[in-house]
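S.K.: Just passing along the structure, written as structure tokens.
The values are calculated or read from the model by the stated rules, or taken from the named source; none is laboratory data. The shown structure was predicted, so the numbers you read here are calculated from the model rather than taken from an experiment. A quick note on method: Cβ atoms are made from the backbone with ideal geometry, for glycine too, and the neighbour counts reach across all protein chains shown.
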Number of protein chains: 6
Amino acid sequence: MTRNAKHPPNNEHIDNEMLKMEVNLDDISGEILGHLMDLLFDAGANDVYYTPIFMKKNRPGILLQLLCSQNELDKMKQILFTETTTLGIRYYPLTVHRAERIFRTISTKWGSVTIKEGIYGGQVIQSSPEYEECKKIALDQQIPLKKVYEEVWKQLNDY
Amino acid sequence: MTRNAKHPPNNEHIDNEMLKMEVNLDDISGEILGHLMDLLFDAGANDVYYTPIFMKKNRPGILLQLLCSQNELDKMKQILFTETTTLGIRYYPLTVHRAERIFRTISTKWGSVTIKEGIYGGQVIQSSPEYEECKKIALDQQIPLKKVYEEVWKQLNDY
Amino acid sequence: MTRNAKHPPNNEHIDNEMLKMEVNLDDISGEILGHLMDLLFDAGANDVYYTPIFMKKNRPGILLQLLCSQNELDKMKQILFTETTTLGIRYYPLTVHRAERIFRTISTKWGSVTIKEGIYGGQVIQSSPEYEECKKIALDQQIPLKKVYEEVWKQLNDY
Amino acid sequence: MTRNAKHPPNNEHIDNEMLKMEVNLDDISGEILGHLMDLLFDAGANDVYYTPIFMKKNRPGILLQLLCSQNELDKMKQILFTETTTLGIRYYPLTVHRAERIFRTISTKWGSVTIKEGIYGGQVIQSSPEYEECKKIALDQQIPLKKVYEEVWKQLNDY
Amino acid sequence: MTRNAKHPPNNEHIDNEMLKMEVNLDDISGEILGHLMDLLFDAGANDVYYTPIFMKKNRPGILLQLLCSQNELDKMKQILFTETTTLGIRYYPLTVHRAERIFRTISTKWGSVTIKEGIYGGQVIQSSPEYEECKKIALDQQIPLKKVYEEVWKQLNDY
Amino acid sequence: MTRNAKHPPNNEHIDNEMLKMEVNLDDISGEILGHLMDLLFDAGANDVYYTPIFMKKNRPGILLQLLCSQNELDKMKQILFTETTTLGIRYYPLTVHRAERIFRTISTKWGSVTIKEGIYGGQVIQSSPEYEECKKIALDQQIPLKKVYEEVWKQLNDY
């Protein structure tokens with residue numbers, strides 16, 4: 001509930017209230033970064049991702065980037081300063097154009113699957129089965145995940 | 001014709017005559033590496049790929065790896081020594097287990113498409129439409145490539 | 001012709017009308033991304049490049065970035081929404097300082113080659129032979145591409 | 001129980017029965033690769049990791065590598081062929097020198113933590129707190145994970 | 001002295017005068033990039049880092065990014081244009097939130113080590129020993145660098 | 001002197017006594033890895049390089065690879081076990097084909113520069129100026145490093 005409240009609406013819109021935050025890290029271990037990603041998503045980040053970078057003194061490092069709305073800025077700073085080794089956090093505004101999202105359900109021989117459809121310019125541009133549901137079917141049925149996706153794609157109507 | 005002669009057979013088999021060759025490069029430009037990849041494939045390499053690596057003295061470098069049969073070794077050495085800046089080429093043998101490959105054709109509303117099927121343990125494990133044919137349809141029909149793939153997947157029978 | 005119209009002028013200038021667009025992708029294959037890059041360049045992108053990133057749930061992903069002028073924004077959005085699996089495209093303005101570009105021709109023993117010179121602060125800062133011309137010579141003459149570049153560099157006058 | 005049976009013994013030893021397996025992937029999504037990693041670990045792989053690579057036709061791809069003992073080879077092949085899009089799996093033997101591992105428990109103000117010590121040449125070379133235990137403390141105590149590690153390091157005796 | 005003058009102050013502050021500069025490079029060698037990083041730091045860049053990227057025509061490339069204050073812009077342009085092969089440099093403003101930094105000294109059995117502490121919201125969030133001092137101890141004492149860090153962490157007071 | 005003793009001879013030869021060693025690291029910082037690379041080179045490694053990898057539990061990690069002759073194996077193990085956090089080191093033999101190397105000196109307007117030439121099949125395949133000498137000229141003369149290389153290339157005779 002509170003989680004959903006942070007999420008963008010499902011209609012097509014242009015969001016001018018987003019930020020990208022960035023931190024360069026060369027003195028932290030991968031173990032801590034794996035944990036950190038979960039914390040940032042739980043706190044409301046829209047996306048978090050790591051890029052390998054080459055830093056001074058022959059150090060392999062990581063560029064942490066995250067996307068969040070401007071009113072999450074302080075919460076993200078708090079996590080980044082306390083959980084990582086950085087002493088400086090940089091950020092800048094950006095615009096996000098989001099397609100409309102609608103959800104429908106299709107039936108497969110292994111049960112129903114939610115399809116997230118993306119609509120742009122009045123046209124269906126994406127039809128993506130929900131990953132977690134497909135994964136659950138794969139594990140329950142003991143079949144390859146790709147086979148679940150293939151089955152779903154066969155059931156989808158043209159667009 | 002001569003190209004095909006170099007290619008592995010289509011039945012399932014274990015190939016013990018393969019090599020991986022490797023070169024580390026820190027004093028060559030990306031332009032030349034793009035050209036080199038084509039040359040190596042044309043000369044019969046089974047695969048060629050580049051991995052970004054961090055080398056001494058803060059140098060971003062590239063690890064070139066290629067797979068070829070042992071009787072292509074000298075030809076590959078010749079290309080690597082003359083086209084790159086390396087003075088040392090390393091290699092070691094490896095085994096490749098290849099699934100059986102069969103080809104069949106399906107019809108779509110935009111024409112026929114070749115499907116490469118992989119068979120392992122008597123089971124169809126893959127059904128991949130040929131990329132170049134799908135790309136041609138996408139360009140000819142002015143439609144997204146992913147839409148061509150989706151259409152193809154709908155036409156495939158279960159396996 | 002229309003292509004050239006989109007390109008920046010050759011004199012030194014500061015361009016404040018540029019955008020960077022970005023999309024994170026974890027549910028698309030490399031095959032489609034190879035094709036997409038061509039489409040985006042053909043549609044007028046100034047540059048397109050992919051960065052490997054680490055995304056949630058142990059997913060290797062790709063950050064697509066492209067540079068274009070602001071009046072190409074809608075065309076790029078159309079391609080990104082229809083050809084990729086994204087439902088959100090982000091972008092932000094940036095400034096580009098471009099050096100002056102002039103073109104001259106030099107002679108080599110294998111024919112003439114165009115040199116693109118960059119001029120900054122009244123000084124020649126770059127002299128780059130055109131890649132496609134050098135590559136053509138390499139293929140025609142059956143010689144290493146690096147040898148063509150070396151020959152060209154020997155013919156260039158000091159700067 | 002069955003899981004442990006696959007694991008190497010804790011004394012220092014040189015293991016000559018290990019394999020590295022490799023697959024290049026350019027037509028699969030990151031979503032499926034995230035799922036695959038779990039499957040391979042569950043089936044007994046000693047390690048699994050992905051490296052971003054540059055493949056032909058401008059395709060960003062992934063090199064999957066896994067380490068397993070030779071008697072796990074068939075099980076790994078089965079998973080790789082059915083869960084990925086590959087039609088060829090390569091592998092080669094390698095030697096692993098493993099340090100002795102011993103486990104001891106230390107007390108912190110937030111409870112006890114298991115320490116895995118590595119011993120090589122009769123000398124303690126590593127003292128690593130168990131990640132999952134530290135993470136649990138961090139979540140339970142609502143404190144940064146790095147703070148848990150720091151506390152643990154303070155409690156460790158010299159070596 | 002002049003070097004310090006370029007550095008940000010040690011108190012906690014938000015700096016709105018920073019820039020990120022970027023250049024894409026596909027026709028330069030790693031050797032030159034290793035040298036360039038030193039030049040940019042010496043000229044006052046706050047950070048410089050390289051990211052491997054996939055560019056057109058199958059070229060592995062490098063994205064150079066640097067952070068500097070706006071009044072260093074011209075100096076950085078001069079270096080980038082003359083030392084690299086680029087004809088276009090892009091940049092955009094960003095904000096940096098820096099934690100307070102204080103320095104204190106602790107004693108170890110191998111001598112004293114400076115600790116850089118970061119303070120955010122009145123709380124010590126980091127305690128990092130100075131790398132160069134720890135490295136010197138490791139080399140002088142012929143001990144592993146990680147052992148020096150471990151010794152330092154044991155000496156630090158709680159925070 | 002002892003350093004040179006470890007180095008391969010300058011004539012063309014095939015070396016069957018080489019090893020590749022590998023370690024996966026997800027619980028160590030970039031700072032320590034920068035230091036480690038120097039230690040390994042100083043101890044006689046022929047090459048050392050880092051590759052960014054994606055490991056379990058969303059951890060960005062590093063694959064350390066090094067090349068050494070078989071009689072350096074124990075020395076390298078000692079460093080890897082004591083300086084990194086690994087408890088397992090893997091390795092396998094490989095073959096290296098090295099081109100002949102000869103050294104000659106050319107004159108430039110800024111002084112002489114050593115050229116390392118590679119010879120393969122009786123043909124000069126490389127002519128590389130020594131990086132450290134070129135860098136010294138660039139710093140002494142206050143000119144771009146690429147300009148030094150360009151000057152050198154102009155002085156080289158055809159091959």
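S.K.: Consider segment D:7-38. How many of its residues are part of a strand (DSSP E or B), among the charged types (D, E, K, R) and surrounded by fewer than 18 Cβ atoms within 10 Å (Cβ to Cβ)? So that I can check it myself, show each step before the final result.
M.R.: Taking segment D:7-38 first, the residues part of a strand (DSSP E or B) are D:13-25.
Keeping just the survivors that are among the charged types (D, E, K, R) gives D:15, D:17, D:20, D:22.
Checking which are surrounded by fewer than 18 Cβ atoms within 10 Å (Cβ to Cβ) leaves us with D:15, D:17.
Total meeting the criteria: 2.
S.K.: If I filter segment D:110-121 for residues that are under 28 Å from C:PRO60 (Cα atoms) and among the polar types (S, T, N, Q), do I get at least one hit?
M.R.: If we filter segment D:110-121 for residues that are under 28 Å from C:PRO60 (Cα atoms), which is where we start, we get none.
No, there is no match, as no residue in segment D:110-121 is under 28 Å from C:PRO60 (Cα atoms) and among the polar types (S, T, N, Q).
S.K.: Please go through segment D:36-65 and give me each residue that is facing chain C (nearest Cβ under 8 Å) and either β-branched (Val, Ile, Thr) or more than 22 Å from B:TYR149 (Cα to Cα) (or both), ordered by number.
M.R.: Correct list: D:MET37, D:ASP38, D:TYR50, D:PRO52, D:ILE62.
S.K.: Hey, D:ILE79 hits all of (1) over 28 Å from D:GLU31 (Cα atoms); (2) out of contact with any Asp or Glu (no Cβ under 9 Å at 6 or more places or on another chain); (3) of a type in the set (A, V, I, L, M, F, W, C) but one; which does it fall short on?
M.R.: If we test D:ILE79 against (1) over 28 Å from D:GLU31 (Cα atoms); (2) out of contact with any Asp or Glu (no Cβ under 9 Å at 6 or more places or on another chain); (3) of a type in the set (A, V, I, L, M, F, W, C), just (1) comes out false.
S.K.: Kindly indicate whether any position in segment C:130-146 is at pLDDT below 95, surrounded by 16 or more Cβ atoms within 10 Å (Cβ to Cβ) and more than 14 Å from chain A (Cβ to nearest Cβ).
M.R.: Here is the first cut: in segment C:130-146, the ones at pLDDT below 95 are C:146.
Within this subset, residues satisfying the condition of being surrounded by 16 or more Cβ atoms within 10 Å (Cβ to Cβ) are C:146.
Narrowing further to those that are more than 14 Å from chain A (Cβ to nearest Cβ): C:146.
Looking through segment C:130-146, at least one residue is at pLDDT below 95, surrounded by 16 or more Cβ atoms within 10 Å (Cβ to Cβ) and more than 14 Å from chain A (Cβ to nearest Cβ).
S.K.: Further question: Could you tell me whether B:THR82 is surrounded by fewer than 20 Cβ atoms within 10 Å (Cβ to Cβ) and either more than 19 Å from the chain's Cα centre (by Cα) or at the interface with chain E (Cβ under 10 Å from one of its Cβ atoms) (or both)? Before you say what the answer is, go through the steps one by one.
M.R.: Numbers: surrounded by fewer than 20 Cβ atoms within 10 Å (Cβ to Cβ): yes; either more than 19 Å from the chain's Cα centre (by Cα) or at the interface with chain E (Cβ under 10 Å from one of its Cβ atoms) (or both): yes.
Criteria met by B:THR82.
S.K.: Identify all residues within segment C:81-103 that are touching a residue at least 60 places away in the same chain (Cβ under 8 Å), closer than 21 Å to C:VAL23 by Cβ and hydrophobic (A, V, I, L, M, F, W, C); write none if there are none.
M.R.: C:ILE89, C:LEU94, C:VAL96
S.K.: Moving on to the next point. Anything in segment E:113-144 that is free of Cβ contacts under 8 Å to residues at least 12 places away in the same chain and touching a Ser or Thr at 6+ places or on another chain (Cβ under 6 Å)? List them, or say none.
M.R.: E:PRO144
S.K.: I'd like to verify a number: residues in segment F:85-114 that are in contact with a Lys or Arg (Cβ under 9 Å, 6 or more places away or on another chain), within 13 Å of chain B (Cβ to nearest Cβ) and among the hydrophobic types (A, V, I, L, M, F, W, C), how many?
M.R.: 4
S.K.: If I ask for residues that are surrounded by fewer than 16 Cβ atoms within 10 Å (Cβ to Cβ) and within 9 Å of another protein chain (Cβ to nearest Cβ), which ones from segment B:115-129 would you list?
M.R.: Matches in segment B:115-129: B:GLY121, B:GLN123.
S.K.: When you go through C:LYS57, C:LYS6 one by one, which is the residue that is in contact with a helix residue (DSSP H, G or I) (Cβ under 8 Å, 6 or more places away or on another chain) and modelled with pLDDT under 95? Even if it seems obvious, please write down each step before you answer.
M.R.: Working: C:LYS57 fails: modelled with pLDDT under 95.
On inspection, the qualifying residue turns out to be C:LYS6.
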